[in-house]
Structure formats: C-alpha cells, structure tokens
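What follows is a single structure, written as structure tokens, with notes after it.
The values are calculated or read from the model by the stated rules, or taken from the named source; none is laboratory data. The shown structure was predicted, so the numbers you read here are calculated from the model rather than taken from an experiment. When we count neighbours, we look across all protein chains shown, and the Cβ atoms used for this are built from the backbone with ideal geometry, even at glycine. For accessibility, only protein heavy atoms count, side chains too; no ligands or nucleic acids. Shrake-Rupley method; radii C 1.70, N 1.55, O 1.52, S 1.80 Å.
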Amino acid sequence: MSVAGVAVSPDHFIGGKRVASDARFEDRSPIDEQVLAEVARGGAREVELAVEAACAAFPDWAALGVAVRAEHLRRLADLIDANVDRIAAVECLDMAMLERSLRARVIPRGARNFRTYAELAESYRERIWDSNGTSNRVVRMPAGAVGVITPWNAPFMLSTWKTAPALAAGCTVVLKPPEWAPLSCSLLADLTEEASIPPGVFNVVQGIGEEAGAALVANGRIRRVSFTGSSETGKLVATSAAGNLVPFTAELGGKGPLVVFADADLDAAAQKAALQYDDSGQNCMAGTRLLVEESAAGEFLERFHRAVDAHVLGDPREEATTISPLIHRDHLERVEGFVDRARANGDRIVRGGRVAEIGGLWYEPTLVEPRSNDSEIVQHEVFGPVLTFQTFSTEDEGVGLANSTRYGLAATVYTSSAERAERVGRSIRAGTVWVNCFLVRDLTAPFGGIGISGIGREGGDYALDFYSDLKTLQIREDSTR
C-alpha cells in the first residue's frame, strides 16, 4: 500500500517477515479523517509469535558483542537520515505533526538516538576494584526480550528512543505501535531489515492497546517493559508487569508549570508560552500552567496574546501552518469536555474554548483562568491546546503553585536572576526543569517523571542499565594465575 507516495506495510513484522492477521482496524488521518490503511489487528497469538522470535534471536544478538551491535545501529541511523523525507511524509499524514518539524528535528532525532546509544554502549567501562582479597567487576548482562509500547505523538522518534538502548544493550525487541498512528513504526521495521539486523531482533505487532499491548506486557518471557502513555494506562501496565516481576519504565502524563517572574525577559517568556500550543498541545512536556508574577501579569498577557494571534491553524503539510489538528475525533471530544466542564465550573475562558472555524479536528488555542487551583482544568492533563493562567505574589507562592499537582514530568522557569534560577530550579519537583529555555535535550541526561508522571528514567547510561542485569563478578586474587 502507498501513503504519501511511500510504500508502507500495514502488517506485523515478526522474525524478519511480514505477517498478516485476519482481523484489521482502520487507521485514519487526522487531517481529513479519511482512512489511510486497514492495519493488521494483532492479539495474543501474534504477540506470542513475536516473543518467540525475539527469544530465539536473543542469544546470538547478545553474543555479537557491543562493537558489532554498534555497527548495526550506526547503519540504521544512516538509513534513517537517508529516508527522513519519506518517514516525515507518512507520519505527517498519520498523526498530523507539522511536516517541516518532522523533517527538521523529529525524524533526525531518531537517527541521533541510535548513534548516541551505539557510542554510549561502546564507551561503557566496568567498575573494577579490589576488596577483601578479591578483585571485583560490575558486568552488564543483556536482560533478554523486551516489550516496548509507544504513544501516538511522534511515534517514530519515541520508538527509536526506547529501541536504541535496548538493542545497544544486547536485548531483542517487540514493539507495539500506537493504533492511532502506527505506520511510521512499520517503516522502522523495514529499515532494520535493510540495516541487516538479524531476523527476530526487532519485531512489530500492530494492534489495539487492550489486546496486543496487554498481551505483550503480560507475556512471561518478556524481561523488560518500557511504556509511554497516560498515567491511567501506566497503572495497568505496572500491575501486569508486577505479576511477572518484570522491571518497567513508564513515562506518563504531564501538567507542567511555566513560571514567569517579573524580572524575566517577558518577550521571550511570552513567545515560549505561545509555543506550548505547538502540535495542538499534544506534548506531555508542555508548560500548560502559566504561573506569572502578579506585577508582570498584564504586560505578559499582552505579549502572549500577540504571539498566539500569529498562530495559523491549517494543513500540517503547508509551511505557513503552526497549529495542526488533534489526533482523533475521540480525543477532540475529550478536550472539548475539559473546557466545557471548566466553563460550567465558573472558570473564565480568556480566549478560544471551541472547535476552530475551519472545522475538522482543529481546536482553538485556549486560555483558561481558573476560579481555583483545585479546578479540574488545573489538576488534570488535557493533552490539547489548552493552557491555564494564574498569578502569584511571592517566590514561595509561585513554587507552591508549581508543585501543587500530582504530576512532575517537566517544568519551565523564566527569570533573569541566576540565584533565583538555581533556587527555584532545585525547589520545583519535576524530572526536568528548563530555565530560560524549553525542550532542550541532552540524550545522555536522565529523563522521566515524578509522582504520576512516571517511574524510572530513560536516557544515557540510565537506559542501558535498565535493559541490563548487573552482575558482580568477584574472584579471589590468590586462586587464579
């Protein structure tokens, strides 16, 4: 089948071969809600086949050693770079992220993920020390076959973010792509084959989360689970993985604060705040709670509204567009529900608050001034183009508001004071705090959430350790020659 002029298979990829299913599900483009593909609907049977293939391939892949695996990953990275335009065209149609963003940064990040983990795996040095008449080493052992479940926002890049450290560590992978945007992950399977990664090392099972995803997490031969998605689904994954005593990481929802002090560069802060509507707010790291020092609130809002007015809602394939549609009709209704309940609760809709005039799945950039910090719109993740606006009088009050939800994935702070940047940055409870910037990522740094925003850390050696079993090898010094 062809999507955006690119050949894409809607079937599973198991043991190096395409495998169909009798059952199918519709994959629709958010741009026009037209059917792009009838995708294979896998379940327990297909998951078992994929796990069997991954387990069979694991011993040889693990035995190849770090240097040879790194060669495969670098070859795969080169192929991603060579196919950026093709992958971006498919993913734009499939999940409606701006095509220029996909081409410029999101898909190339997938290649960076593989190169970064190839380098990190090669540069690992075992900890070696003498103790109690013995020599000691900490050895990484590949954990085995792993299950990876990725979300529908930036599915290609997020699949590589999890797959790269798993493969570099010597694990084999079964990937369950998102049912609302599965097609770019199918392209990743093609590229692994072209990179000569052995059959069974990387497998893809398409399907619905409650079917294929649940079967994957519950499979007793899976030795690690890595999940990105909602906090509610994360709890189900945790329960299932715990049944097999399988370690898991979960990068879950966010309700990030964007804290603006009166001494900040208000132009920069307002521009960055308006940028939180990018991808229709479908970004778990977004600063969706604008917390502004009271003395600067009026001036900040003027600049913010000017910046938001410059946004263009439209087709994500067009260069002029800055805000794309929401992923699915069900998700649009979810976002509408949050705003309608906020309105009924007495929260003030400062701007937006309705489906955009162009119709379809576009929702207007919306700003809500809540009547209380306990309002649902403040305390729960909307995952749409909806921000809240609150003010504070003191630094302590601002930090208190920033820390007043159960989430803790990311936060953003704007201030011109180095002392305040350090003080507030340390006081806010979040896995990542950006000061005077946003979405700047060092792939060697730990990434993950606090509270209901997740458990565990991805990134750098933290991810390689997760996909490994650590062994202490202790040898009595006078017992060997």
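Points worth noting:
- For segment 54-71, the criterion of being within 14 Å of Ser184 (Cα to Cα) and not hydrophobic (A, V, I, L, M, F, W, C) is met by no residue.
- Assessment of segment 350-363 against the conditions (within 26 Å of Glu251 (Cβ to Cβ), open to solvent by 40 Å² or more (accessible area, probe 1.4 Å) and within 27 Å of the chain's Cα centre (by Cα)) yields no matching residue.
- In segment 235-251, the residues that are closer than 15 Å to Pro151 by Cα reach residues that are open to solvent by 60 Å² or more (accessible area, probe 1.4 Å) with C-beta atoms within less than 8 angstrom, at least six apart or across chains, in these pairs: Thr249/Ile455; Thr249/Arg457; Ala250/Ile455.
- Test: Asp22 is assigned to a loop (DSSP other than H, G, I, E, B) and farther than 14 Å from Leu187 by Cα: yes
- Arg481 vs. criteria over 18 Å from the mean Cα position of the chain (by Cα) and modelled with pLDDT under 95: yes
- Failed item in (1) at pLDDT below 95; (2) under 30 Å from Asp130 (Cβ atoms), with Asp442 passing the rest: (2)
- Residues that are open to solvent by 40 Å² or more (accessible area, probe 1.4 Å), among the small types (Gly, Ala, Ser) and touching a residue at least 12 places away in the same chain (Cβ under 8 Å) within segment 40-74 comprise Ala44, Ala56, Ala67, listed in sequence order.
- In segment 414-443, residue most open to solvent (accessible area, probe 1.4 Å) [restricted to those that are aliphatic (A, V, I, L, M) and out of contact with any Ser or Thr (no Cβ under 6 Å at 6 or more places or on another chain)]: Val440
- Filter result for Gly400 (at positive phi, among the small types (Gly, Ala, Ser) and out of contact with any Pro (no Cβ under 8 Å at 6 or more places or on another chain)): no
- Boolean, Thr321 is assigned to a loop (DSSP other than H, G, I, E, B), in contact (Cβ under 8 Å) with a residue 24 or more places away in the chain, of a type in the set (Val, Ile, Thr) and in contact with a strand residue (DSSP E or B) (Cβ under 8 Å, 6 or more places away or on another chain): yes
- Glu369 vs. criteria open to solvent by 60 Å² or more (accessible area, probe 1.4 Å), under 26 Å from Gln271 (Cα atoms) and among the acidic types (Asp, Glu): yes
- Which numbered condition Ile128 fails, given (1) surrounded by fewer than 21 Cβ atoms within 10 Å (Cβ to Cβ); (2) aliphatic (A, V, I, L, M); (3) closer than 24 Å to Phe248 by Cα: (3)
- Qualifying residue in segment 388-404 (condition: in contact with a helix residue (DSSP H, G or I) (Cβ under 6 Å, 6 or more places away or on another chain), at pLDDT 95 or above, surrounded by 16 or more Cβ atoms within 10 Å (Cβ to Cβ) and within 21 Å of Val312 (Cα to Cα)): yes
- Of the strands (runs of 3 or more DSSP E) lying entirely inside segment 194-284, not one is found with 2 or more residues being basic (Lys, Arg) and open to solvent by less than 10 Å² (accessible area, probe 1.4 Å).
- Arg306 meets each of the listed conditions (1) open to solvent by 40 Å² or more (accessible area, probe 1.4 Å); (2) touching a helix residue (DSSP H, G or I) at 6+ places or on another chain (Cβ under 7 Å) apart from (2).
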